[in-house]
1. If R0 is 22 Å, what FRET efficiency do you get for Glu103 and Arg124 from their C-beta distance, rounded to 0.05?
2. Using all Cα-Cα distances in the chain, what percent lands in each 5 angstrom bin from 0 up to the longest?
3. Determine the relative contact order of the chain: mean sequence separation of Cα pairs under 8 Å and six or more apart, normalised by residue count, in whole percent.
4. From the phi of every residue in the range 21-26, what ³J(HN,Hα) in whole Hz does the Karplus formula 6.51 cos²θ - 1.76 cosθ + 1.60 yield, where θ is phi - 60° and glycine or proline is x?
5. With a cap of 15 neighbouring Cβ atoms within 10 Å, and only residues DSSP puts in a loop, list the trypsin sites (Lys or Arg not before Pro) found in the range 1-66.
6. Let me know the shape class of the range 61-126, please: from the alpha-carbon gyration tensor, a ≥ b ≥ c as square roots of the eigenvalues, rounded when a/c is under 1.5, otherwise prolate if a/b is greater than b/c, or oblate.
Amino acid sequence: MTYPSVFALDPGSIPAAGDSARFWTADRQATAVVDAARPAQRRGLDTLLAEAEEDILRNSRGEITYRRRRGTWFVLSGFILGRIFYRRSVVTPDGTVATLWLEFPRALKPCLEAAVTMMSLSFRPL
């Protein structure tokens, strides 16, 4: 994934398996997390999307303002606790679910819109 210089990789966030990483802005108001997991049970994209929506709406009491599903990926974005969130999940041919999660204050939207676009469009399975 390509990320802009406004975000810095937190080397301490990478576990031994190397399957996740966290990025922060210098003021730590915005965060991006990349995660890849092989679910114990292979689930279809529609099931993963429904689970993600339920987690945001019911568990986090968030609001989804945008959703898109295509082929092997989906995007959800909206608000949780007054902060903007953006989630892009991709299912790879081997069943791995890779997710990009960004979260930041609403006031930073004009500053981070291009960064979200860059990271999202470059977030692809190898």
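What follows is calculated from the coordinates using simple rules that are stated; it is not laboratory data. In this text, all values refer to a predicted model and were calculated from it rather than measured experimentally. Virtual Cβ from ideal backbone geometry, glycine too; neighbours counted across all protein chains shown.
1. Working: r = 21 Å, r/R0 = 0.96.
Calculated transfer efficiency: 0.55.
2. So the P(r) values, bin by bin, are 2, 10, 21, 23, 21, 15, 6, 1.
3. On the way: 213 pairs, mean separation 30.5, N = 126.
It comes to 24 percent, rounded to a whole number.
4. 7, 10, 10, 10, 7, 4
5. Qualifying residues, ordered by number: Arg28, Arg42, Arg43, Arg61.
6. Values: a/c = 2.52, a/b = 1.66, b/c = 1.52.
In terms of gyration-tensor shape, prolate.
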